[in-house]
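The values are calculated or read from the model by the stated rules, or taken from the named source; none is laboratory data. This is a predicted model, so every value here is computed, not measured. Cβ placement follows ideal geometry from the backbone for every residue including glycine, while neighbour counts extend to all protein chains displayed. To get the accessible areas, we keep the full protein, side chains included, count just its heavy atoms, and leave off ligands, DNA and RNA. Shrake-Rupley method; radii C 1.70, N 1.55, O 1.52, S 1.80 Å.
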Amino acid sequence: MTVLLRPQGLTALLMGRFGNALLWLFAALHLAALSILLMTLLTLSDANAAEQQADACGGSDILVAMQKTDPQAYAAILAEAQKIPNGEGTLWKIEKDGKDPSWLLGTMHLADPRVVDMPKGAKEAFAKAKTVIVESDEITSEKKAGASLLARPDLTMFVDGKSITDMLSSDDVAKLETGLKERGIPLNAVIKMKPWILSSFVALPACELARKAKGAEFLDMKLANDALKEGKQLVGLETLVEQMSALSDLPMTFHVQSLIEMLRMGDRMQDIMATMIDLYLKGEIGMITPMMKSIDPDENNKGDDGYAAFEQRLITDRNHVMADRAESHLDQGGVFMAVGTLHLPGNEGVIELLRKKGFTLTRVN
């Protein structure tokens with residue numbers, strides 16, 4: 001595969017055939033609302049079918065192969081990653097005014113045991129914390145979370161008589177039906193769901209869906225539940241409805257195109273997922289975006305430019321909300337804060353925003 005990088009920045013990603021799908025996959029791993037909603041909805045699935053697919057998770061690290069087949073392209077990805085502020089490390093120490101130190105952990109909302117195990121030093125930091133901050137404290141109860149989201153059916157379901165099949169070609173409907181069947185989910189059971197919900201089913205590998213179907217806690221959920229068990233104060237920065245509203249605010253064309261692209265990518269999604277997890281485990285979070293930009297750029301098919309809205313609503317706006325709502329708690333010290341890794345790096349990432357509020361943040365790993 002010939003890999004090309006474009007110098008125009010992350011917007012170039014949407015010039016690729018699979019730009020929307022890759023953006024969606026990136027977002028899906030950093031929205032607690034989607035993870036908890038999937039755990040609830042998977043009660044609709046055939047548990048046996050899900051378990052049979054558990055071994056289907058595989059995929060190969062794209063960058064490992066690229067270093068051998070196209071070292072120049074790999075070097076370009078590495079160079080671009082180095083330009084991203086705070087692009088290395090998932091665990092950061094937070095200090096201010098002589099208070100007890102606090103800690104910031106970038107997470108992936110996955111139940112993968114390697115992710116749940118956390119990086120070196122995180123368990124010790126969590127044990128010392130008096131307060132635990134997560135994206136949403138509603139994730140401690142599937143029933144509470146489900147009730148909260150179902151109270152706004154417009155965020156998850158078509159309420160105007162439409163269905164997802166009205167928006168897809170017959171070929172794409174067939175692909176969707178096959179993809180869902182492989183995960184133990186009949187199309188008829190989810191036909192009224194909005195495309196961003198269906199994209200979550202398709203984006204995540206079968207083994208991750210199997211874990212969720214069996215009730216395995218994803219990292220943020222485990223941290224929140226452990227905090228309650230240990231008598232720590234638990235703080236949520238957002239409501240699940242706020243998170244789903246951010247998705248709903250994006251153009252419908254963006255969501256539909258994302259779903260179509262993911263269906264067409266098929267097994268390649270496993271390689272992308274495997275690469276993202278490998279980068280996360282190594283703390284090389286700044287490499288994730290350049291890696292995704294390198295996949296199948298196609299100047300002749302520019303797709304729907306929904307990126308500006310995506311970046312603003314799902315990343316930048318939420319970064320500011322997280323930093324603002326966490327500030328008063330961090331001022332007290334002794335906090336363990338865990339948010340999606342997507343929110344850490346960049347000039348308007350949570351790390352830089354907290355620095356602007358007078359905190360000193362130092363990379364631990």
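Here are a few things to note about the model shown:
- Test: residue in the range 122-136 that is among the hydroxyl-bearing types (Ser, Thr, Tyr) and modelled with pLDDT of 90 or more: yes
- Flag for Asp154 being among the charged types (D, E, K, R), surrounded by fewer than 20 Cβ atoms within 10 Å (Cβ to Cβ) and in a helix (DSSP H, G or I): yes
- For Ala76, the conditions (1) modelled with pLDDT of 65 or more; (2) of a type in the set (Gly, Ala, Ser); (3) under 24 Å from Gly266 (Cβ atoms); (4) in contact with a Ser or Thr (Cβ under 9 Å, 6 or more places away or on another chain) all hold with the exception of (3).
- Residue in the range 153-176 that is modelled with pLDDT under 90, hydrophobic (A, V, I, L, M, F, W, C) and over 30 Å from Met265 (Cβ atoms) present: no
- Going through (1) assigned to a loop (DSSP other than H, G, I, E, B); (2) buried (at least 22 other Cβ atoms within 10 Å of the Cβ); (3) touching a Leu at 6+ places or on another chain (Cβ under 9 Å); (4) of a type outside the set (Phe, Trp, Tyr) one by one, Leu263 falls short only on (1).
- Given (1) modelled with pLDDT of 90 or more; (2) under 20 Å from the mean Cα position of the chain (by Cα); (3) assigned to a helix (DSSP H, G or I), index of the condition Ser35 fails: (1)
- Within the range 171-194, the set of residues being in contact with an Asp or Glu (Cβ under 6 Å, 6 or more places away or on another chain) and either outside any helix (DSSP H, G or I) or within 24 Å of Ser141 (Cα to Cα) (or both) comprises just one member, Gly184.
- Candidates Leu234, Leu247 - the one that is in contact with a helix residue (DSSP H, G or I) (Cβ under 9 Å, 6 or more places away or on another chain) and at pLDDT 90 or above: Leu234
- For the range 178-197, a residue qualifies if it is closer than 17 Å to Glu261 by Cβ and of a type outside the set (A, V, I, L, M), and the qualifying residues are Thr178, Gly179, Lys194, Pro195, Trp196.
- In this structure, Asp97 qualifies as out of contact with any helix residue (DSSP H, G or I) (no Cβ under 6 Å at 6 or more places or on another chain), modelled with pLDDT of 90 or more and open to solvent by 10 Å² or more (accessible area, probe 1.4 Å).
- Filter result (at pLDDT 60 or above, under 23 Å from Gln72 (Cα atoms) and not in a loop (DSSP other than H, G, I, E, B)) within the range 278-311: Asp278, Leu279, Tyr280, Ile285, Gly286, Met287, Ile288, Thr289, Pro290, Met291, Met292, Lys293
- Residues located in the range 122-148, provided they are over 22 Å from the mean Cα position of the chain (by Cα) and not in a helix (DSSP H, G or I): Ala129, Lys130, Thr131
- Of the residues making up the range 67-120, those that are farther than 29 Å from Gln243 by Cα and either part of a helix (DSSP H, G or I) or among the small types (Gly, Ala, Ser) (or both) number 14.
- Failed criterion for Ser60 (all others in (1) in contact with a helix residue (DSSP H, G or I) (Cβ under 6 Å, 6 or more places away or on another chain); (2) of a type outside the set (Val, Ile, Thr); (3) at pLDDT below 75; (4) over 15 Å from Ile197 (Cα atoms) hold): (3)
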